[in-house]
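Report on one structure; see the data block that follows.
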């Protein structure tokens, strides 16, 4: 009876919500017609660039490390962020609203100035959601990127390279129809080098966030004017005319809304445009946008993977770590077809299991038949529910009661609501054998970026400002599972080994996968295969090999940061803009480097047949090397004598682990643990709202790290 009443009440509330939405849309339409605005505003870029001496100093410091570690490579390491949103993304616009305790809109120009002055990046890209981008916003975005590059100075030695791109954001209801989010990054920036339209996924996708903004504005009429931009953006997004399907992209109107329902459609349209581009899948191990049962295997078959464009994968972002695979059964189907609730393991406790334990603790007789029936019912409700929060499955429970269920235990900055089938290691271990010949593989380099929605490219340069430097703080905890706000982190970085600082050199490095990712700190990392003739084969390479492979790793820690901003930044930004954009803190390296404590090697031998279990193929860590306690860095070498004995495709990548330091949400739930280490109660990270508790950065100690791209070895035919 209670459930029937809840369903009835839910239907009534849903109808009321629909009426409120329609009322809000009507009111917003009137407001749109009655008010003229210059929306969409792209913002103004500072006309100043960094002095050449500042850019040269970065290279000089790297050369000192290369000399100390005897690195023979002549290439330089450049740091960037290839996953940045402005308020042209409707979810970012919604997060900027007063109702979400936002700080106001951040247009694309803010991202340019932030990357140049606050985070001092070498390169970055804009990646607003195509589902909500209008033709006027896309045109202004192209202008901003061109202007940002114009300010950068000599194209052969710019202070900052800015790439044009967008995000293709698809979310399927089932694992078979889910392809996730992918960033498209273009090489060119001129009108004849880029598409006239960004290519969106099917459906409204990210644009529905505008509806949330409309609804919230009805409860905040006293600040109606602050919602005007999101109203207009929402109306624009929902009033666009969709491009005709099956027509070559060159023959479509410039201002229609272009859609690709699947990755295969996206790749086909990019091929029609004919412009150089790279497509980067997000890390898919987090559950906020990925369904239960998420499985990268569905994306390897057919034409859903294009190895010529899909060269990299995002191993880490502000959503956390998508690297590690753990063979879990959470969310699997039972023999009856109903969602099952497996028992916990040392690595993972399913939230459905915790729901049953919460119910059991309230029973007078925990092992009676009546109690066991209630436990089973709670687990079934939690296993079958599609909501982010499992709290609804147990009446009277709180988020804190669920401890760290749903999270990968003891993981580095774990992704919220873990999805093992979307992890990078799982993807690298897969093979698709449906077609004759060689199996299809994901041969992807590893990169990291921020996924910041406040135009703060490279937001991880200092661990501060949780509500501004991550996506978890400003939204508050009253509208969704509050635990999610504890699993947002400052962003990661992508690093390239490039011949020079120019656009083509950076893009070439990305395409050849001579790339690594970091969790935000500017760790220096080199990883090479040493050929018998002395030739070095760098990270990201794939090569045929005969004999015993030998590898070499060199790494140096990031500089410790000084407070405040360099004088050159203070001279180029007004005090007001410095405070609004950088929050008064910039990338400002001191003289001392943090120590690399160890090098971890991961070996993966991908599937040889479709029925080969994935778990045993992933050896993590395969080898561990302790490093000396020296700022100068770490240098190790190792061999794999097993490779020639049982030759099969094998890949190797390394992690450089840095000494522990404080990080935002470093201990996501600050658990109270029992004697066995089980989290019996978790505390979410809150604060920062206009009417809520004070801002808290929820700092915890973590070991920041860098992940190299793999080196892929194929047994030599002669071997």
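Restricting to the range 643-679, count the residues that are surrounded by 14 or more Cβ atoms within 10 Å (Cβ to Cβ), more than 23 Å from residue 522 (Cβ to Cβ) and at pLDDT below 95.
9
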Residue, nearest to residue 545 (Cα to Cα), within the range 698-716, restricted to residues that are touching a strand residue (DSSP E or B) at 6+ places or on another chain (Cβ under 6 Å) and not in a strand (DSSP E or B): 716
Selection status of residue 233, in a helix (DSSP H, G or I), at pLDDT below 75, within 28 Å of the chain's Cα centre (by Cα) and within 22 Å of residue 45 (Cβ to Cβ): yes
Matching residues in the range 363-384 - criterion: being touching a helix residue (DSSP H, G or I) at 6+ places or on another chain (Cβ under 9 Å) and exposed (fewer than 13 other Cβ atoms within 10 Å of the Cβ): 364, 365, 367
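Just for strands (runs of 3 or more DSSP E) wholly inside the range 533-597: which have at least 1 residues that are within 30 Å of residue 110 (Cβ to Cβ) and in the same structural domain as residue 45 (by TED's automatic domain parsing)? Lay out the reasoning, then the answer.
Numbers: elements: 536-538, 542-545, 550-556, 559-561, 589-593.
So the answer is 559-561, 589-593.
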Test result for residue 529, under 28 Å from residue 664 (Cβ atoms) and at pLDDT 95 or above: no
Matching residues, the range 655-676, being within 22 Å of the chain's Cα centre (by Cα) and assigned to a strand (DSSP E or B): 655, 656, 657, 658, 661, 662, 663, 664
Out of 305, 319, sole residue that is touching a helix residue (DSSP H, G or I) at 6+ places or on another chain (Cβ under 8 Å), modelled with pLDDT of 95 or more and under 21 Å from residue 424 (Cα atoms): 305
All positions within the range 416-440 that are assigned to a loop (DSSP other than H, G, I, E, B) and more than 29 Å from residue 403 (Cα to Cα): 430, 431, 433, 434, 435, 436, 437, 438, 439
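Being in contact (Cβ under 8 Å) with a residue 60 or more places away in the chain, in the same structural domain as residue 707 (by TED's automatic domain parsing) and within 18 Å of residue 121 (Cα to Cα): is that true of residue 617 here?
On the way: in contact (Cβ under 8 Å) with a residue 60 or more places away in the chain: yes; in the same structural domain as residue 707 (by TED's automatic domain parsing): yes; within 18 Å of residue 121 (Cα to Cα): no.
For residue 617, the condition - in contact (Cβ under 8 Å) with a residue 60 or more places away in the chain, in the same structural domain as residue 707 (by TED's automatic domain parsing) and within 18 Å of residue 121 (Cα to Cα) - is not met.
Would you point out which residue out of 413, 428, 446 is out of contact with any helix residue (DSSP H, G or I) (no Cβ under 9 Å at 6 or more places or on another chain), surrounded by 24 or more Cβ atoms within 10 Å (Cβ to Cβ) and in the same structural domain as residue 320 (by TED's automatic domain parsing)? Walk me through it before giving the result.
On the way: 413 fails: out of contact with any helix residue (DSSP H, G or I) (no Cβ under 9 Å at 6 or more places or on another chain); 446 fails: out of contact with any helix residue (DSSP H, G or I) (no Cβ under 9 Å at 6 or more places or on another chain).
Answer to the selection: 428.
The values are calculated or read from the model by the stated rules, or taken from the named source; none is laboratory data. Everything quoted here is computed from the prediction, not taken from an experiment. Note that each Cβ is placed from the backbone with ideal geometry, even for glycine, and that neighbours are counted across all protein chains shown.
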